[in-house]
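*Asks:* There's a structure below that I have some questions on.
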Amino acid sequence: MAERNANLWAPWRMEYIRSLGNDLTDEGCFLCRYLDNPAEDETNHVVWRSRGTMVVMNRFPYTNGHLMVALADHRAELTDLTETELTGFTIAIRDGVSLLRGTIKPQGFNVGYNIGQCAGAGLPGHLHAHIVPRWAGDTNFMAVLGDVRVVPDALDALYVELVKQATAMGLRS
């Protein structure tokens, strides 16, 4: 049997690859830049802001609807938070799960933190949580064979749906 080669094209990955190491600049990290520029929320896919947090779509998602909940301050550790801040952070995570349930109807979620570079944190200095929606049977061969993810919806299209639902839920004014 002849060996066959297959090419899997994922041109959106190049933006991510080129951005590695650029998350921290003289102006601060990308989450801090997003926090400092509310006029660019649509461009940056910021779904909503609260007093102590910001909920933003992951620009390089694991699955459709992958959200990040970021602290409004540049701090790296859960132990850096007061109980009030931790409570607000957890409420934003809860509300993000509710938002996704009401918008794209996932059957489950992975929610977690990558604290420190060795734990997979791409931005180790700014604490944030990932909310990854899941569906029964959504694990497919693409990630196993080619380190490629299949995301079935465009970020901009889903952003519009999420903002509409967040507004209806009173998360965004």
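*Asks:* If the Cβ limit is 7 Å and pairs must be 6+ apart or interchain, which residue in segment 83-98 that is over 19 Å from HIS126 (Cβ atoms) pairs with which residue that is crowded, with 20+ Cβ neighbours inside 10 Å?
*Replies:* Matching pairs, first to second residue: ASP95/LEU171; VAL97/ILE131.
*Asks:* Looking only at segment 105-125, which residues are of a type outside the set (Gly, Ala, Ser) and modelled with pLDDT of 90 or more?
*Replies:* Across segment 105-125, the qualifying residues are LYS105, PRO106, GLN107, PHE109, ASN110, VAL111, TYR113.
*Asks:* Going through THR90, THR79, THR167 one at a time, which residue ends up being surrounded by fewer than 12 Cβ atoms within 10 Å (Cβ to Cβ), at pLDDT 90 or above and part of a helix (DSSP H, G or I)?
*Replies:* THR79
*Asks:* Need pairs with beta-carbon distance below 8 Å; first residue at pLDDT 85 or above and within segment 55-72, second among the aromatic types (Phe, Trp, Tyr) and in a strand (DSSP E or B); sequence gap 6+ or separate chains.
*Replies:* Partner pairs satisfying both residue conditions: VAL55/TRP48.
The values are calculated or read from the model by the stated rules, or taken from the named source; none is laboratory data. It should be emphasised that the depicted structure is a prediction, and the values quoted were computed from it without experimental measurement. Every residue, glycine among them, receives a Cβ derived from its backbone with ideal geometry; neighbour counts consider all protein chains shown.
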